[in-house]
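Enquirer: My questions will all concern the structure given below.
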């Protein structure tokens, strides 16, 4: 681990959070799987905090890609929710601002 640049560790963790959030939002390979929005919310919040805190340190290219992925799962969460949160109150929006 000592030789691995911080940006690589951050990206790896972010991709794991992003993938898990997508699956919990119902975007996994199993078409009959029910979304687990409670779990998805936790993962999206963690991802939003990580992306927001590290964006100034990982470079525009990496930050942009992570923000795009984050926005995608935030929108997927909203679509999967039978009672969507108000704009600006959804998972991660405390750190990212409103997602529409």
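Enquirer: Within segment 19-32, track down each residue that is under 22 Å from residue 83 (Cα atoms) and either in contact with a helix residue (DSSP H, G or I) (Cβ under 8 Å, 6 or more places away or on another chain) or part of a helix (DSSP H, G or I) (or both).
Expert: Kept after step one, since they are under 22 Å from residue 83 (Cα atoms), are these residues of segment 19-32: 20-28, 31-32.
20, 21, 22, 23, 24, 25, 26, 27, 28, listed by residue number.
Enquirer: Given the criterion in contact (Cβ under 8 Å) with a residue 24 or more places away in the chain, surrounded by 18 or more Cβ atoms within 10 Å (Cβ to Cβ) and assigned to a loop (DSSP other than H, G, I, E, B), identify the matching residue among 73, 99, 51. Give the steps one after another, and end with the answer.
Expert: Details: 73 fails: assigned to a loop (DSSP other than H, G, I, E, B); 51 fails: assigned to a loop (DSSP other than H, G, I, E, B).
Just a single option satisfies the conditions, and that option is 99.
Enquirer: Could you tell me which numbered condition residue 64 fails, if it satisfies all but one of (1) out of contact with any helix residue (DSSP H, G or I) (no Cβ under 7 Å at 6 or more places or on another chain); (2) more than 16 Å from residue 99 (Cα to Cα)?
Expert: (2)
Enquirer: Report the residue count in segment 76-96 for those that are in a helix (DSSP H, G or I), within 24 Å of residue 34 (Cα to Cα) and out of contact with any helix residue (DSSP H, G or I) (no Cβ under 6 Å at 6 or more places or on another chain).
Expert: Of the residues in segment 76-96, 3 are in a helix (DSSP H, G or I), within 24 Å of residue 34 (Cα to Cα) and out of contact with any helix residue (DSSP H, G or I) (no Cβ under 6 Å at 6 or more places or on another chain).
The numbers here are math on the coordinates, done by the rules we state, and not lab data. For clarity, every value in this text was computed on a predicted model and none was experimentally measured. We place every Cβ from the backbone using ideal geometry, glycine too, and count neighbours over all the protein chains shown.
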